[in-house]
Amino acid sequence: MPIRAPDRTLDEFEDLVYHYSNGMNIKDDAERWDIDSTAANLRFESATQGPPARVSFLLNVAPKMCNMMGTLHGGCAATLIDILSTSILLGISKPGYFSLGGVSRNLRVTYLRPLPSGLEIRLVCEVIHTGKRLALLRAEIQQADTGAVCVVGEHEKANTDPEGPRRI
C-alpha cells in the first residue's frame, strides 16, 4: 500500500515529493529493503521547496519496527531516515543533479530518547546543502504530539547521475 496523502490538495512541489516518496512502494517482482507503510500507517504530511527544502511524514511505531525493549529499533530509525530523506532530494533534483537520488555516502544517527510501540511520530527531513557531487540532508524523528526530538540524522549523499557532454 502506498504512503497516504493528506486530505487536502497538494501544491505542485508537494505532489512531486509525494510521488517520489511513494517510489519505495513500486509494485514489481523484485524484493528490496523497504518500509512497511501499511503497518506503520505512513502518511505524507507536507513539503516545501524552501529554502530549505523540507518534507514531513507521520507514522506510528509498529511492533514489527521495535527491538526487544518494545521501542523503535535503531536500525529501523536509520532506514526511515535513509529512505525518506532521499524523497526531498529527489524533489529538488534536475537532470544531471541528483535525479537518480544518489547513493548514501555517510549516515550518522544520534538517538536521544526511545520511541515506544504505538506512538505516533513525525519525521522531518530538510536539505542543508547541495553541491555538484555531494548533498547533506538532515532529519529529525519527533514525538508527533509534543514535538520532542528523539532521533537526529545527518545523511550525506553522492550524486550518481551520468555527466553530460563536456566542453573541450
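Just to be sure I understand, how many residues within segment 10-21 are surrounded by fewer than 19 Cβ atoms within 10 Å (Cβ to Cβ), within 12 Å of S46 (Cβ to Cβ) and free of Cβ contacts under 8 Å to residues at least 40 places away in the same chain?
3
Can you tell me which condition P116 does not meet? The list is (1) more than 30 Å from P63 (Cα to Cα); (2) open to solvent by 20 Å² or more (accessible area, probe 1.4 Å), and all the others hold.
(1)
Residues A135, A158, A77, A148: which one is closer than 24 Å to D11 by Cβ and at pLDDT 95 or above?
Details: A158 fails: closer than 24 Å to D11 by Cβ; A77 fails: closer than 24 Å to D11 by Cβ; A148 fails: closer than 24 Å to D11 by Cβ.
Only one candidate passes the filter, namely A135.
With respect to the numbered conditions (1) closer than 13 Å to R105 by Cα; (2) part of a strand (DSSP E or B); (3) open to solvent by 40 Å² or more (accessible area, probe 1.4 Å), which one is the sole condition not fulfilled by T160?
It fails just one condition, (2).
Pick from segment 52-87 the residues that are without any contact (Cβ under 8 Å) to a residue 12 or more places away in the chain and not in a helix (DSSP H, G or I): which of them is least open to solvent (accessible area, probe 1.4 Å)?
So the residue we want is N67.
Among the residues of segment 1-21, which ones are aliphatic (A, V, I, L, M) and farther than 17 Å from S37 by Cβ?
L10, L16
Might you let me know whether segment 88-111 holds any residue that is within 15 Å of V151 (Cα to Cα) and open to solvent by less than 20 Å² (accessible area, probe 1.4 Å)?
There is no residue in segment 88-111 that is within 15 Å of V151 (Cα to Cα) and open to solvent by less than 20 Å² (accessible area, probe 1.4 Å).
The values are calculated or read from the model by the stated rules, or taken from the named source; none is laboratory data. As the structure is a prediction and not an experimental result, all values here were calculated from the model. Positions of Cβ are backbone-derived with ideal geometry, glycine not excepted, and every protein chain shown enters the neighbour counts. Note: areas computed on protein heavy atoms with side chains; ligands, DNA, RNA excluded. Shrake-Rupley method; radii C 1.70, N 1.55, O 1.52, S 1.80 Å.
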